[in-house]
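Okay, so here's the structure we're looking at.
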Amino acid sequence: MAFELWETESRNLAGVYDTEAAAFAAIREVISLRGRDAVRTFALVRGKPGGNVESIASGTALMDLALKTVHRSTRAAS
């Protein structure tokens, strides 16, 4: 199963990740380097068997989810 990060306006594939956590880390890195506006048009989908995809989140919901996961993992490590 792969996690694909898409830029929805240009319809370009921005990255493919083995785990959801790796995809969220990439989103956080873009936010850190370029700001929140840089990922407003991103969408994250999960590839499923048979070529189907499942939408995980996009836009501000995707940003919020990626930023929440770092807080959860930071708390778990404490």
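Quick note: the coordinates plus some simple rules give every number you see, no bench work behind them. Everything numeric in this text was worked out from a predicted model, so none of it was measured. FYI the Cβ positions are ideal-geometry reconstructions off the backbone, even for glycines, and counts take in every protein chain you see.
Of note:
- Identity of the residue in region 2-40, out of contact with any helix residue (DSSP H, G or I) (no Cβ under 7 Å at 6 or more places or on another chain) and hydroxyl-bearing (Ser, Thr, Tyr), that ends up surrounded by the most Cβ atoms within 10 Å (Cβ to Cβ): Thr8
- Verdict on Ala57 being of a type in the set (A, V, I, L, M, F, W, C) and free of Cβ contacts under 8 Å to residues at least 12 places away in the same chain: no
- Filtering region 1-40 to residues that are part of a strand (DSSP E or B) and under 13 Å from Gly59 (Cα atoms) leaves Leu5, Trp6, Glu7.
- Here Ala43 fits the description: assigned to a strand (DSSP E or B) and touching a residue at least 24 places away in the same chain (Cβ under 8 Å).
- Screening Ala57 on (1) part of a helix (DSSP H, G or I); (2) crowded, with 16+ Cβ neighbours inside 10 Å shows it passes everything except condition (1).
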